[in-house]
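The values are calculated or read from the model by the stated rules, or taken from the named source; none is laboratory data. Just so we're clear, the structure is a prediction, and the values are computed from it rather than from any experiment. Neighbour counts run over all protein chains shown; Cβ positions are idealised from the backbone, glycine included. These accessible areas exclude ligands, DNA and RNA; they are computed on the full protein's heavy atoms, side chains included. Shrake-Rupley method; radii C 1.70, N 1.55, O 1.52, S 1.80 Å.
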Amino acid sequence: MLSGMLALTVASAIREAISDGDFQPGQQLSEIKISQRFECSRNTLREAFAMLHSEGLVERIKNRGVFIATPNADYVRDLYRARAAIEPSAVRWGEGIDSKALVELTRSAIAARDAGDAAEVSAINQRFHRALVAAIGSPTLDKTMGNLLAQMRLTFLLVLPEYPRIHDDHVDVNARVARLIDEGDREEAATLIRDSLLRTCRAILHYLP
């Protein structure tokens, strides 16, 4: 039981590191270095890798090792179909939604974009989408969203060289979504965010290597 809990903790920490952009798509993960970084045994790390593999965040290649996943077209479609189902639902029915906090997040994103701080724009965008789903109040969906955001980061890193405005392009849509929620028009906000997600999916598929 203790070993399983430790593996869950390590898997969560690696997932967050992926979401933060600490690893690149296709990067090989050294068991020695990763176990040292996350202060765990190699057996615990292997359990964590198995969990992350089931989530599509790492790949095992026989006789070579464990690698950060490299998104392909099917990966991207699945990611955005999931997000297009969960996030509009959160906008429509999330009882804990804090519209004022969302508006403030988007103002911060606009300021970061105007300052040319792409990394901060990306981080704020992730917090915005995580906050939407957190409003549902479901630990299960919170965990799911954490995984989706990590997948999203890998996808963004893969297409960023060809699509450098990918983070900036979300700022104005997020600001409109927050404003609509604050005005009480959740249905329009849900439609807007779903349309935006599907449009982003098409753009990413276009730029995918």
> Given a Förster distance of 35 angstrom, what is the FRET efficiency for Arg130 paired with Ile61, based on the Cβ-Cβ distance and rounded to 0.05?
Replying inline: 0.70
>> Taking a virtual spin label 7 Å from the Cα of Glu95 along the C-beta vector, which residues in segment 111-142 bring their backbone nitrogen under 18 Å of it?
In response: 132-142
>> Under 5 Å between amide hydrogens, which residues at least 5 positions from Val58 or on another chain qualify, with H placed 1.01 Å from N in the peptide plane?
In response: His53, Ala69
> How large is the helix-only mean residue ellipticity at 222 nm for the chain, computed as the sum of -39500 (n - 2.57) over DSSP H runs with n ≥ 4, divided by its residue count, in deg cm²/dmol to the nearest 500?
Replying inline: -24000 deg cm²/dmol
>> Using 0.36 nm times the number of residues separating Thr9 and Asp169, minus their current alpha carbon distance, what extension gain do you get?
In response: 54.2 nm
> So which aspartates and glutamates can Lys100 reach, going by Cα to Cα under 19 Å and dropping same-chain residues fewer than 8 places off?
Replying inline: Glu87, Asp172, Asp182, Glu183, Asp185, Glu187, Glu188
> Using a simple spin-label model with points 7 Å from Cα along the Cα→Cβ vector, what separation in nm is obtained for Ala85 and Ala73?
Replying inline: 2.2 nm
>> Skipping prolines and chain starts, which residues have an amide H placed within reach, meaning under 5 Å, of the one on Leu29, given they are 5 or more residues away or on another chain?
In response: Val66, Phe67, Ile68
>> Using a 1.4 Å probe on the protein heavy atoms, what percent of the accessible area of segment 1-68 belongs to carbon and sulfur?
In response: 52 percent
>> At 1.4 Å probe radius, can you tell me the per residue accessible area of the chain in Å²?
In response: 51 Å²
> On full extension of the chain, what length is gained from Tyr207 through Arg46, given 0.36 nm per residue of separation minus the C-alpha to C-alpha distance?
Replying inline: 54.6 nm
> Any idea how far the Cα center of segment 57-82 sits from the one of segment 179-208, in Å?
Replying inline: 25 Å
> Once a ≥ b ≥ c are taken as the square roots of the eigenvalues of the Cα gyration tensor of segment 73-207, is the result rounded (a/c under 1.5), prolate (a/b larger than b/c) or oblate (a/b not larger than b/c)?
Replying inline: oblate
